[in-house]
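Worksheet for the structure shown next.
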Amino acid sequence: MYSHDVLVLGAGLAGMRAALEAAKTGANVAMLSKVYPVRSHSNAAQGGINAALTDRGDDWTDHAYDTVKGSDFLGDQDAIEVMCREAGQELINLEHMGVIFNRDEEGHLGTRAFGGQRKARTFFVADITGQAILHVMFEQILKYNVRVYDEWYATTLIMDGNRCGGVVAMEMRTGDIHAIQAKATILATGGSGRVFEPSTNALICSGDGMSLAYRAGAPLMDMEMVQYHPTTLKGSGVLLTEGARGEGAYLINTKGERFMEKYAPNMMELASRDVVSRAETIEINEGNDIDGCVLLDCRHLGTAKIMERLSYIHEISLDLVGVDITKDPVPIRPGVHYQMGGIKTDIDGRCWDPNGAWKGVEGLFAAGETACVSVHGGNRLGANSLLDTVIFGRRSAIGAMDYASQNSHLNFSENDWVNGEKAKLQGFLDNDASGDLVAKLRMDMAVAMDKGLGVYRTEDGMQEALQAVQGMRERFKKVVVQDKGKSFNTNLIFALELGCMLDCAETIAIGGIERKESRGAHSRTDYDKRDDENWMKHILLRQGDGGEVTKEYMPIVVTQWQPEERKY
Amino acid sequence: MQANVSVRRFNPDEEDPKSYDQEYQVEVDENFTVLDTLIKVREEIDGSLALRCSCRASICGSCAIRVNGHAVLACKTRVSEHLSEDGSFRVEPAGNQPVIKDLVVDMNPFWDKLRAVEPYMQPSMPEPEAEYLAPNDVMLHLVDVMGCIMCGACVSDCTVLEIDKNFLGPAALAKAYRFVADTRDVEDDKRLKMYNEYGGMWDCTRCGECVTVCPKGVAPMERIMALREKAIEAKIPTGSYDGAAYGYRHSLVFEDIVSHNGRLDETKLVIKTLGMFNLPKLIGLIPVAMNAAFRRKMPPLLHPAIPGVGQVRRIASRINAIKKEAAK
Ligand SMILES: Cc1cc2nc3c(=O)[nH]c(=O)nc-3n(C[C@H](O)[C@H](O)[C@H](O)COP(=O)(O)OP(=O)(O)OC[C@H]3O[C@@H](n4cnc5c(N)ncnc54)[C@H](O)[C@@H]3O)c2cc1C
Ligand code: FES
C-alpha cells in the first residue's frame, strides 16, 4: 500500500505550499491532485497578493483592521492577526523562490491599490499573479522532487471512528482504485464555485474536499458566506480582475453615470466586494442595465497601461465577448467567485484542536479556500486569498508534521476500503438510462442556488432552493453515467463531483436560512441589518449518522477590534 | 447555426484499440468556442468523450488539441473562424504525445523534459533579508515568458520532435530561457552549457511552428534563439555533444559566407562548419549528399557572388564595426 507521513490532497497554491514546507524538512510527503498541479485553479488569480511591508511604511495591524472590517466582523481576529503578521515574510519567501513581481524604479517590489483597503499593499505580476506564483511554486516542487499523484481523484477519507488515516483515490488514467495511508492528511482542494451558475470558477471547483471532510464528520463553518465578485464577464462569467478598478477603471450604468458615487462616496469603485456587487444589482434591477449587465470602463487608462498591467483581461474580453477594452466598455455583472466558509480549522490547519482535543476529525488538516480559519469572515478582501493559501498552507504542513511525528499510522484493511469504493462506483455505472444526465442535474442545482442564494436573499427564496437541492439528492441516486469504461472516465468523475457539490449546496442553503441577519456577503431583505447582539457567532454544520444536519455555534474571536458600522 | 464536428477518438479499454473519427451535430452561436462545443457534446450527446478542460479562460493550459490540423487552445478558439463551407470542422488530440483516450494525451514526457532544464531559480546565496533587487523592465520581459501555461501546443506541432523525441522542445527551452534572462539567477554559465547539449538549443530548426501556435504569445523559438545568442556571447560553443560546437560554428560560417558572397553556399557551409580535414564526418555525409542529389535537391557546386556584392560586404563590415564598438 502507498504510505506517507503527510499526504496533501490538492496541488493548488495551498497544497503546493504545504508540500514544499514538508519536503524541505525531508519529511515523507506526497501530493495528490485531480489535475496536473499547474492546472489548479489558483492560476486564475489575476490581481495580486496582499502584504503590509514595514520597510514601505505599512503596518500589519492596518492590514488586519482592513481585513476585519472587510469581513464585517465575522472573521476570527486571532487568525487574521497571524495571517497579516506573517504576510511580509511569506511575500519575501515567494520572491526568493523566483516570483517575478512588478517592481518600482529602484527594483523593489511594487504595489497596486485593491478594494476595501486604505493603503496600496497588493503585490502583483501584471494581471497573471496567480499563474506566476503557482508556476514558481511548481518549480519548487520539482526542485525538491516531491512525489505527486498526478490526475488522481480522491473519493473518500479513510476513517476509524474520529481519526483519519489516509484516502481512497482513483488513478484516472487506469481507473484503478487505491488506498493511500497517511499519518496526517491535509485537504487543500479549493473552492466550490461550480455550485452556482454563472461562476468565475473553473470547472474543477466542485468543493470535493469540503464534502469529503463533511462526510467524515468534520463540521463546515459559515457556508452561507459566498462572495459575489462585481466584475464577471457577460455570458461565461469569467472574471475581470479587481486590479482593473485598482488601476483606475470606472463602473458605469447605461446612463453613463459612475453609480458608485451613490453607494460608496469615499472608496467609489474600490469599496469592498459585497458593497459593489449589491450596488450593481440595484442598478440592474432598476433598469440601468444592458442585458442584465453594467459596464466596466477602462478606456481612460490608455492602451500602454492596459497592455502592461491588464493584458490578460484585454485578451479574454476580446476572445470571449469580442470587446477591445482599450476602445469600449465591457459588459459585466456580479457572479459567484469565492467560498469564505469551509472546513473549520484552527490557525495550524488542524480540523480542529482546541487545547489538545480534536473536535472535528483527528489527523485531518485543511488550508486554502476549502478551509475556514476564519480569516475572511463574511466577505474576503481581494488579494487576501492567495495570502491565505500560502500562510495557512505552510502552517498546516508544520502542524501535520508535528502530528505525524507523534502518532503512528492507522491500521485498516486496504482491501475493504478499495472494494467498498469499487462497489459504490459500480452503483453509478449500473444506473439505467432513465435518470438525469450529470450536466443537467448540475445545471438545475446551480440555477436554483443562484436564484435562492444570490446577492440578495430571503427566507422563502432560500427555503425553495434548499428543497430543490434536497430533491436533487434523490435524482442524484439515479444519475446516468454514459461512459462505462475504466480509463479516464471523466463522466464518472463529474458524477462524483456533483455529489460533492450537492453537499456544499445544501449546507450553503441551511447556513443561509439559519443566519437571520445581513452580514458581509449574506444580505437578506427580510433581515436587512447586521445583528451584533445575536449573531456575533459562526454557524457550524455537521452531518449526523443518518444524514441529518446538526447545527452548532461558536463565538467569533475578538482580540482588539470591536464591531462598528461599516462605511466605505 | 449548426456545426458538424468530427472528433478523432480512441478508447484504450477496447480489446484491439484503434482510433476512428466520429461526427456530432451541435447547435452553436457566434461566440461559441471549440471548447463550448465539445462540452456540449459531452454533456448532452455523448458522456464518454474524454478531454481535459478546466478554466475556460486560456489560463490553466488543459485544453490544447488540434483543430483542422493545428494545435490550439480549445477555449480560446472560436468555432465560427474554423468552419468549412459545409459547416464542419475537425478535432484531434495534440500531436507528438501518446494518446491516452480520445483528446487526452500523455503529458509525462512533457513534464520530464521540463524537469531536465533544472526549472527553478538558483540565486546568489545567502538570501538577502528583503527581496532580491531586479529592474522592472527585466521583470516585464519575463512576464511574457512566464505567460507560458504549459499547454503543450508548441510541443504538439514541433517539427523537430516529430522526428527526434530527444529534443527538449520549445516549452522546456522557453522555461530555460526564463532563468537565463532572470537577473536574479546566477547560474547562467552552468545552464548554457547544459542547454548546449544534445537535444538542446541547437536542435531547433527554426521552422517557427511553435511561435505560430502558441496561444499565449510566448514565442518559444525566439527564446531559443536568444539562448543561442547568449551561448555565443558567453563563448560556450563546446560541450560533450559535438553538435553544439557545430551549431556555433555553423552560425559563424554562415555569416562569413554570406557577408563575402552575398548568398549562401550550402556546400561550403557544411564543409567549413565540420572542418575541411574532418574526414570521418565528411564521409558520413556522403549518403546524405547522394540522397539529396537523387531527389534533385543537391545545391549547385559553384556559387558565384551576387551582383553588387560590394554593397553586402560594406554592410557586413559596418555591422562588424558596430559590434566591436558595442563590445568596448
Ligand atoms: C478568477 C479568479 C481570480 C482570483 N483572483 C484572486 C486574486 O487576485 N487574489 C487573491 O488573493 N485571490 C484570488 N482568487 C481566489 C484564489 O485564487 C483562490 O481562492 C485560491 O487560489 C485557492 O487556492 P487553493 O490552493 O485553496 O485551491 P486550488 O488552487 O483551487 O487548488 C485545488 C486543488 O485541489 C485539487 N483537488 C480538488 N478536489 C480534488 C479531489 N477530489 N481529488 C484530488 N485533487 C483534488 C485540484 O486538483 C487542485 O490541485 C481568485 C479566484 C478566481 C476564481
Ligand atoms: S480550459 Fe483552461 S486553458 Fe482552456
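The values are calculated or read from the model by the stated rules, or taken from the named source; none is laboratory data. Remember, it's a predicted structure, so these values are computed and weren't measured experimentally. All Cβ positions, even for glycine, are placed from backbone atoms using ideal geometry, and neighbour counts span all protein chains on display. Accessible surface is based on the protein model in full, side chains and every heavy atom, while ligands, DNA and RNA are left aside. Shrake-Rupley method; radii C 1.70, N 1.55, O 1.52, S 1.80 Å.
Data for the structure
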| read-out | value |
| --- | --- |
| Scope region A:301-324; condition part of a helix (DSSP H, G or I) and small (Gly, Ala, Ser); matching residues | A:ALA304, A:SER311, A:SER317 |
| Long-range neighbours under 9 Å by Cβ, at least six apart or interchain, first residue facing another protein chain (nearest Cβ under 10 Å) within region A:25-43, second among the basic types (Lys, Arg) and not in a strand (DSSP E or B) | A:VAL35/B:ARG52; A:TYR36/B:ARG52; A:ARG39/B:ARG52 |
| Count of residues meeting criterion [in contact with a Lys or Arg (Cβ under 6 Å, 6 or more places away or on another chain), closer than 26 Å to B:ASN108 by Cβ and away from chain A (no Cβ under 14 Å)] in region B:64-93 | 1 |
| A:GLY165 being out of contact with any helix residue (DSSP H, G or I) (no Cβ under 8 Å at 6 or more places or on another chain), surrounded by 22 or more Cβ atoms within 10 Å (Cβ to Cβ) and not in a loop (DSSP other than H, G, I, E, B) | yes |
| Segments classed as strands (runs of 3 or more DSSP E), wholly inside region B:57-119, with at least 2 members that are crowded, with 21+ Cβ neighbours inside 10 Å and within 16 Å of ligand 2 (Cβ to nearest atom) | B:64-67, B:70-73, B:88-93 |
| Subset of region B:38-56 that is open to solvent by 20 Å² or more (accessible area, probe 1.4 Å) and in contact with a Phe, Trp or Tyr (Cβ under 8 Å, 6 or more places away or on another chain) - its residue that is farthest from ligand 1 (Cβ to nearest atom) | B:ILE45 |
| Count - residues of region A:532-562 that are at pLDDT 95 or above, more than 13 Å from A:GLY378 (Cα to Cα) and in a loop (DSSP other than H, G, I, E, B) | 6 |
| Identity of the residue in region B:283-318, of a type in the set (Val, Ile, Thr) and farther than 18 Å from B:ASN261 by Cβ, that ends up farthest from the chain's Cα centre (by Cα) | B:ILE283 |
| Residue count, region A:379-410 (criterion: within 13 Å of the chain's Cα centre (by Cα) and either under 28 Å from A:ASP531 (Cα atoms) or among the acidic types (Asp, Glu) (or both)) | 8 |
| Scope region A:82-116; condition open to solvent by less than 10 Å² (accessible area, probe 1.4 Å), under 25 Å from A:ALA249 (Cα atoms) and more than 9 Å from chain B (Cβ to nearest Cβ); matching residues | A:ARG112, A:PHE114, A:GLY115, A:GLY116 |
| Condition check for A:ALA120: under 15 Å from A:GLU247 (Cβ atoms) and either within 16 Å of ligand 1 (Cβ to nearest atom) or without any contact (Cβ under 8 Å) to a residue 24 or more places away in the chain (or both) | yes |
| Qualifying positions in region B:127-164 - assigned to a helix (DSSP H, G or I), at the interface with chain A (Cβ under 8 Å from one of its Cβ atoms) and closer than 25 Å to B:LEU73 by Cβ | B:LEU140, B:LEU142, B:VAL143, B:MET146 |
| Tally, over region A:239-274, of residues that are within 24 Å of A:THR525 (Cβ to Cβ) and either open to solvent by less than 30 Å² (accessible area, probe 1.4 Å) or in contact with a Cys (Cβ under 7 Å, 6 or more places away or on another chain) (or both) | 9 |
| Meets criteria (more than 21 Å from A:MET225 (Cβ to Cβ) and either among the charged types (D, E, K, R) or away from every other protein chain (no Cβ under 14 Å) (or both)) for A:LYS477 | yes |
| Unmet criterion (only one of (1) away from every other protein chain (no Cβ under 11 Å); (2) over 24 Å from the mean Cα position of the chain (by Cα); (3) open to solvent by 50 Å² or more (accessible area, probe 1.4 Å)) for A:LEU425 | (3) |
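Okay, residues lined up against (1) within 16 Å of ligand 2 (Cβ to nearest atom); (2) basic (Lys, Arg); (3) in a helix (DSSP H, G or I); (4) free of Cβ contacts under 8 Å to residues at least 24 places away in the same chain:
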{"position": "A:GLY360", "(1), (2), (3), (4)": "no, no, no, no"}
{"position": "A:THR389", "(1), (2), (3), (4)": "no, no, yes, no"}
{"position": "A:GLY399", "(1), (2), (3), (4)": "no, no, yes, no"}
{"position": "A:ASP416", "(1), (2), (3), (4)": "no, no, yes, yes"}
